[in-house]
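Okay, structure first, notes after.
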């Protein structure tokens, strides 16, 4: 195979490139606005009574309901950045919440959610944070890009700086806005102080 005759083609940027990008951006924004208008019109139709609020049996059976919530394995406490030789301390928790219907398919939450984080050490329980999300706040926290659809919830915490050997526990309680049902789940998340201490010791040993 002779590669001597191969030449790379370099495309010179032109003013038309920026114009095409602007057109694409405007089209995307227009599509998003049209979808929002359609959704608002559907809500107004229900409130105005032009759409029956009592669907037939098949529509009712085909409407998915939240059957299970869970906390993702990537949930964790996030530290502040190290400043000099100071040990980094956790400053917030980042929690991934998944919701499923009765068939195990992803479903969006339309209710109120409460997140409680605590630290358990030597038989004592120390609260770290309590945070709440309204239905609209939950919708804004919904993520559906790469991977499974989920909710990304973050809240600051007050971590005792002297606690090392501990277990961080997160409890999520969801109250469905349509059915009034309460779903609850909990998960122990990694507590990163030990890892940061080990990293600092390695850094100190490497200093000549």
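The values are calculated or read from the model by the stated rules, or taken from the named source; none is laboratory data. Just so you know, these numbers come straight off a predicted model, no measurement behind them. Neighbour counts are summed over all protein chains in view; Cβ atoms, including those assigned to glycine, are modelled from backbone coordinates with ideal geometry.
Is it the case that residue 158 is under 14 Å from the mean Cα position of the chain (by Cα), at pLDDT below 95 and surrounded by fewer than 17 Cβ atoms within 10 Å (Cβ to Cβ)? Spelling it out, it is not the case that residue 158 is under 14 Å from the mean Cα position of the chain (by Cα), at pLDDT below 95 and surrounded by fewer than 17 Cβ atoms within 10 Å (Cβ to Cβ).
Scanning the stretch 136-155 for residues that are buried (at least 17 other Cβ atoms within 10 Å of the Cβ) and assigned to a helix (DSSP H, G or I) turns up just one, 138.
Only one of the listed residues (163, 107) is touching a strand residue (DSSP E or B) at 6+ places or on another chain (Cβ under 8 Å), surrounded by 12 or more Cβ atoms within 10 Å (Cβ to Cβ) and at pLDDT 90 or above. That residue is 107.
Let's see how each residue does on (1) under 29 Å from residue 145 (Cα atoms); (2) modelled with pLDDT under 75; (3) outside the structural domain of residue 143 (by TED's automatic domain parsing):
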position	(1), (2), (3)
39	yes, yes, yes
76	yes, no, no
82	no, yes, no
94	yes, no, no
97	yes, no, no
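Kindly evaluate residue 131 against the criterion of being surrounded by fewer than 16 Cβ atoms within 10 Å (Cβ to Cβ), assigned to a strand (DSSP E or B) and either at pLDDT 85 or above or within 15 Å of the chain's Cα centre (by Cα) (or both). Answer is no for this residue. Residues in the stretch 129-144 that are free of Cβ contacts under 8 Å to residues at least 24 places away in the same chain and under 16 Å from residue 93 (Cβ atoms): 130, 132, 133, 141.
Summed over the stretch 166-189, the residues that are part of a loop (DSSP other than H, G, I, E, B) and crowded, with 17+ Cβ neighbours inside 10 Å give a count of 1.
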